[in-house]
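Visitor: Below is the structure I would like to discuss, written out as structure tokens.
The values are calculated or read from the model by the stated rules, or taken from the named source; none is laboratory data. Quick caveat: nothing in here was measured; it's all calculated off a predicted structure. Here the Cβ is made from the backbone with ideal geometry for all residues, glycine too, and neighbour counts use every protein chain on show. Side chains included, ligands, DNA and RNA excluded: accessible areas come from the protein's heavy atoms. Shrake-Rupley method; radii C 1.70, N 1.55, O 1.52, S 1.80 Å.
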Amino acid sequence: RREADLARREAELRRLEAELRAAPGARQVKNWPRFCSCVHHDIAGEVPAAMQATVRAGYLAYLGLVLCLLFNFVAVAALLISDGSKIGAFLWGALYLVGGVPGAWYLWYGRLYHAAIKDSAFGYGTFFLFFCTAHMVFVGWSAIGPPILNAESHAGFWIALSKEMGANTAVGIIYLIGASLWALEFLWSFWTLKGVYGAFRGKGMTAADVKRDAARGAASAAV
């Protein structure tokens with residue numbers, strides 16, 4: 001009974017804190033990333049205890065993507081140094097890094113974070129949409145690196161093991177390491193997706209709840 005009472009008080013405290021943060025004029029302190037704070041991020045303080053492990057898995061998937069994009073940039077930079085004609089691959093790799101880091105936060109990790117806080121079916125729905133179509137497709141494509149659509153801008157297995165990379169062992173090894181990172185990121189992302197979907201269904205939510213929340217949000221925006 002004591003544990004149940006503590007859990008109830010904790011839930012009530014979180015609800016009150018959420019209401020204060022959502023109140024007009026309330027401001028959240030930007031604390032992430034630490035070296036250049038742009039957004040407010042506090043899993044332990046904002047996310048309900050039952051969802052913290054799931055959100056942390058999503059956060060690790062996001063950090064893994066950042067690592068992959070950084071190493072991918074290193075790979076295309078090494079390729080450019082070895083062959084000055086590969087400026088196109090270098091520019092695309094830079095674009096992936098510059099656009100991918102904030103884009104992933106806005107498109108899917110931020111959706112998961114706020115959906116867990118607000119228990120929003122629509123938030124989970126948008127997370128599934130962008131995580132599956134934008135994130136996992138891009139990560140899977142990068143891990144393979146098929147020889148089409150400026151393939152050398154992705155540090156994938158196909159490019160790493162190609163004859164062209166065989167002529168430059170050092171660059172080939174860098175690309176192979178990058179491909180391994182992309183593959184690990186894909187596997188962890190799949191595990192994260194499975195965990196979020198299990199939490200979504202565990203709350204009794206369905207596609208109908210997503211549509212209903214979307215309709216409610218559209219109606220509120222119209223008002």
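Visitor: Longest exposed-loop-site-free stretch of the chain, with trypsin sites (Lys or Arg not before Pro), DSSP loop and at most 14 other Cβ within 10 Å?
Guide: Here the longest segment lacking exposed loop sites spans 35-202.
Visitor: In nm, to one decimal, how far is the modelled label at Leu63 from the one at Ala134, with both set 7 Å along Cα→Cβ?
Guide: So the two model labels end up 2.2 nm from each other.
Visitor: Further question on the same structure: Given points 7 Å out from each Cα along the Cα-Cβ axis, report the Glu10 to Ile173 separation in nanometres with one decimal.
Guide: 4.8
Visitor: Checking the table Lys118/Lys211; Lys118/Lys203; Lys30/Lys203 against a 22 Å threshold on Cα-Cα, which pairs fail?
Guide: Those over the limit are Lys30/Lys203.
Visitor: In Å², and per residue, what accessible area does the chain have when probed at 1.4 Å with the other protein chains present?
Guide: 58
Visitor: Just the number, please: carbon plus sulfur as a percent of the accessible area of the chain, 1.4 Å probe, no ligands or DNA/RNA counted.
Guide: That fraction is 69 percent.
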